[in-house]
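Visitor: My questions all concern the structure below.
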Amino acid sequence: MTTTIPAGAATAPALGARRRWTVLAVCALSMFLIGVDTTIVNVGLPAIGRGLGTDTRGLEWVVDAYTLVLASLLIASGALADRFGRRRVFRCGLAVFGLASLACALAPSLGLLVAARAVQGVGASMLSPVALAIVVNAMPDPRERARAIGIWASVFGLSMAAGPVIGGSLIAAFGWRSVFWINAPVVVGALVLVAVFVPESRGQRARRLDLPGQLLLTTALCVSVGVLIEGPRIGWASPAALACYAVAAAAAAAFARVELRRAEPLIDLRLFRRPPFASAVLGAVAVFAALSVSLLLTTLYLQDARGWTPLAAGAATLPLALGATVCAPWSGSLTGRLGPRRPLLLAGGFTAAGGLCMVVMGPAPDTSVPLLLSAYLLIGIGFGFANAPLTHTAVGGLPPSRAGVAGAVTSTARQVGSAVGIAVAGALAAGVAPDGLARASRPGWLLVTACGLSLFAVARASRQDRAPKARSGSRTAP
């Protein structure tokens, strides 16, 4: 099914405290790389478009080829790691990711760049769930494990917020291909650190790969997001679009039917009977959709409508990164002490406020820079507060043996949200003249506001986890 969190008996030798936190640092470094690569490309999209001669629709595929493959393969990669060894699969993922990054940097055409980005997604899928399993396996103490998972989730959220800032700086100095070149030394360093510090481990019981479920999930995700990207070009009511709707619906229905009948499904759909889990998954989709919409609309508006350089556009998102940096660890602490409800309420309130600020955005000369920066700060604060309580709500009340399943599904939901957000934002901006981007973006900012408000429902559902926590005591995964 996916990576499982050990209940107590680790499959690797007991590690000293310094070694355990070193393992966390190594895995966090790899997760930072994955998160940054999800968003670092956004600020470089106009430069990539000029360099390869493509439009907004083509640029959407540059981003979503990565996130769709990553979302589709996360859970299967966790199952492979349980069977063949987590460190082995983790190292393989790093190698694939690094080689694909080099191919992206050298890509002479849009088609090859999109293909290389898809291979990057394959490598990244071997890192995210496996990193979490490695960390948890190294942390047998439940309290220490809770802190480690909080840090892990915070690092991933921070990395996505920091991506545009890092990307803008690299593009200004070295051009758009540098956002891919930079991965090479990081991957080499991570491979060395993993070989030295990370012990090998396996799942307590290796699960079978669910190939029919994997195929149906991939089909449903790719066709759904694909029609969102291509809709403005082919027409939302065209025969091709209607056929895509039918294929996506049929694949989703067949996936549900197959999974409910399998003894070891790719995704255990019975988890969705728990309102806290189901709401946390939807909340993860909403949060990352809001972030992706915000970053892409910001990139297009600042560079195309206002004529800013990639460096200036990346710097404009500094308030977003700052808000996430400050609030992510604070959210983890609040979640550990008070539970997920208050951080989720803060996340929803700040995200909705940031979206509302951008709804009133007008043409470039009529919108003040302080308003833009304030909106980005609010969205960053909301994003920073969201990740730790969402992870907590998803796995709270579950026995450790099922917490890994819940965590992997939530990670998949995050990437689905990113892919959908890019597709929606691109559809709104496709074919729009620079002076019309502000008006065309308003539905996107309303969507960001709605995503923030949806976290209030997640906060309400999270209260239902109080009783299970009390019964499960220290065995409950965070």
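The values are calculated or read from the model by the stated rules, or taken from the named source; none is laboratory data. Not measured: the values here are computed from a predicted model. With ideal geometry, Cβ positions are generated from the backbone for all residues, glycine too; neighbour counts draw on all protein chains shown. Only protein heavy atoms, including side chains, enter the accessible area calculation; ligands, DNA and RNA are left aside. Shrake-Rupley method; radii C 1.70, N 1.55, O 1.52, S 1.80 Å.
Visitor: Determine which residues of the stretch 215-229 fall in the zone a paramagnetic label at ALA243 would reach in this model, i.e. backbone nitrogen under 19 Å from the point 7 Å along Cα→Cβ.
Guide: 219-229
Visitor: Equivalent-ellipsoid semi-axes (√(5λ), Cα gyration tensor) for the chain, whole Å, largest first?
Guide: 33, 24, 23
Visitor: Could I ask something else about it? Between VAL188 and THR309, what FRET efficiency comes out of the Förster formula 1/(1 + (r/R0)^6) with R0 = 35 Å and r the beta carbon distance, rounded to 0.05?
Guide: Working from the Cβ atoms, E equals 0.70.
Visitor: Which net charge results for the neighbourhood of VAL63, defined as the other residues with beta-carbon distances under 11 angstrom from its beta-carbon, given Lys and Arg at +1 and Asp and Glu at -1?
Guide: Result for the neighbourhood of VAL63: -2.
Visitor: Sticking with this one: Using the charge dipole of the chain (Lys, Arg: +1 at Cβ; Asp, Glu: -1 at Cβ; taken about the Cα centre), state which of LEU346, GLY436, GLY336 has its Cα farthest towards the positive end.
Guide: GLY336
Visitor: Can you tell me the orientation of helix 275-300 relative to the chain, as the angle in degrees between its alpha-carbon axis and the longest Cα principal axis, to the nearest 10?
Guide: 30
Visitor: A further question follows. In the chain, if the dipole is taken from +1 on Lys/Arg beta carbons and -1 on Asp/Glu beta carbons about the Cα centre, which of TYR301, THR218, ILE422 is farthest to the positive end?
Guide: THR218
Visitor: How large is the charge dipole for the chain, taken about the Cα centre, if only the Cβ atoms of Lys, Arg (+1) and Asp, Glu (-1) carry charge, to the nearest 20 debye?
Guide: 1820
Visitor: Between 0 and 90 degrees, rounded to the nearest ten: what's the tilt of helix 211-234 against the longest Cα principal axis of the chain?
Guide: The angle comes out at about 10 degrees.
Visitor: Just name one of VAL119, GLY53, LEU132: the one whose Cα is farthest towards the positive end of the charge dipole of the stretch 15-146 (beta-carbon charges, Lys/Arg +1, Asp/Glu -1).
Guide: LEU132
Visitor: Note down the net charge around ARG117, summing +1 for each Lys or Arg and -1 for each Asp or Glu among other residues with Cβ under 14 Å from its Cβ.
Guide: Within the 14 Å Cβ shell, the charges total -2.
Visitor: When the helices in the chain are scored as -39500 (n - 2.57) per DSSP H run of 4 or longer and the sum is shared across all residues, what 222 nm value do you end up with, to the nearest 500 deg cm²/dmol?
Guide: Helix contribution divided over all residues of the chain: -26500 deg cm²/dmol.
Visitor: Excluding ligands, DNA and RNA, what is the solvent-accessible area per residue of the chain at a probe of 1.4 Å, expressed in Å²?
Guide: Value returned for the chain: 37 Å² of accessible area per residue.
Visitor: Excluding LEU193 itself, what net charge comes from residues whose Cβ is under 13 Å from its Cβ, given Lys and Arg +1 and Asp and Glu -1?
Guide: +3
Visitor: Follow-up. For Cα pairs less than 8 Å apart in space and 6+ apart in sequence, what is the mean separation divided by the residue count of the chain, i.e. the relative contact order in percent?
Guide: 24
Visitor: Return the FRET efficiency for the residue pair ARG233, ARG143: r is the Cβ-Cβ distance, R0 is 51 Å, and the value is rounded to the nearest 0.05.
Guide: So, using R0 = 51 Å, E works out to roughly 0.45.
Visitor: For the stretch 84-215, how big is Rg over Rh, using alpha carbon atoms and the Kirkwood form of Rh?
Guide: 1.01
Visitor: Can you give me the angle between helix 318-338 and the longest principal axis of the chain, using Cα atoms only, in degrees from 0 to 90, rounded to the nearest 10?
Guide: Around 30 degrees separate the two axes.
Visitor: Right, another one. Can you work out D for the stretch 407-459 in µm² s⁻¹ from Stokes-Einstein, where Rh is the Kirkwood radius over C-alpha pairs, the temperature is 10 °C and the viscosity is 1.306 mPa s?
Guide: 126
Visitor: If you don't mind, there's one more thing I want to ask. On alpha carbon coordinates alone, what is the Rg over Rh value for the stretch 204-289, Rh being the Kirkwood radius?
Guide: Rg/Rh for the stretch 204-289 comes to 1.05.
Visitor: Could I ask something else about it? Testing the spin-label approximation: label points 7 Å from Cα along Cα→Cβ at GLU264 and PHE197. State their distance in nm.
Guide: For GLU264 paired with PHE197, the spin-label model returns 3.2 nm.
Visitor: For the chain, with all protein chains present and a 1.4 Å probe, just round the carbon and sulfur fraction of the accessible area to a whole percent.
Guide: 67
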